[in-house]
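One structure below.
The values are calculated or read from the model by the stated rules, or taken from the named source; none is laboratory data. Fair warning: this is a prediction, and the values are worked out from it, not measured in the lab. Neighbour counts are summed over all protein chains in view; Cβ atoms, including those assigned to glycine, are modelled from backbone coordinates with ideal geometry. Keep in mind that these areas ignore ligands, DNA and RNA; they rest on the heavy atoms of the full protein, side chains included. Shrake-Rupley method; radii C 1.70, N 1.55, O 1.52, S 1.80 Å.
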Amino acid sequence: GEGDGAPVGKVMERILNELGIHKCKQVVGEGAPVVLEYFTKKTSSWLFRAATGVSSCRCSSDGPSERKGIGNERTFRATSDKRLLRLKCIDLCQMVGSRMEKADIAGRCLTLKLKDTKFVVHTRSITLPRYITKVTH
């Protein structure tokens, strides 16, 4: 439940609440049989780990971790002007390109996330055939 430390999204929280599970301790306590019956093995396992605070990360602590991604985000006034939106995207891409150059990294996967005026997030991704290190128009 909220404030209970459970790292679950709103949909999962609603489902758990509908199943009578409102606290993390219920997932591994009296709610465990319900979790096992209702969810897949993978989801049940994830819920048990989340409820007990056990990480599923297989990260090695032997050295520095590899950066997973780099990005930039900005909030700006709502607009339907396609030219202005394109300029905003180019500006953000240049900022990310600059950060990539400073970090001496390249990437292939590009993701655009746009939150509309109703706070609905729209996401589009593309994986390029080769790594890129700078912005080209």
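Side notes on the structure shown:
- When Ser80 is tested against (1) under 30 Å from Met12 (Cα atoms); (2) small (Gly, Ala, Ser); (3) modelled with pLDDT of 85 or more; (4) open to solvent by 60 Å² or more (accessible area, probe 1.4 Å), only condition (1) is not met.
- Extreme residue, modelled with the highest pLDDT, among residues of the range 105-137 that are under 19 Å from Leu87 (Cβ atoms) and charged (D, E, K, R): Arg124
- Sub-6 Å Cβ pairs linking a first residue in the range 108-137 that is under 16 Å from Val96 (Cβ atoms) to a second residue that is in a loop (DSSP other than H, G, I, E, B) and open to solvent by less than 80 Å² (accessible area, probe 1.4 Å), at least 6 apart or interchain, are Tyr131/Ala106; Thr133/Ala106, ordered by first then second residue.
- Filtered residues of the range 1-21 (kept if open to solvent by 80 Å² or more (accessible area, probe 1.4 Å) and at pLDDT 90 or above): Glu18
- Test for Thr127: is it among the polar types (S, T, N, Q) and in contact with a Gly (Cβ under 9 Å, 6 or more places away or on another chain): no
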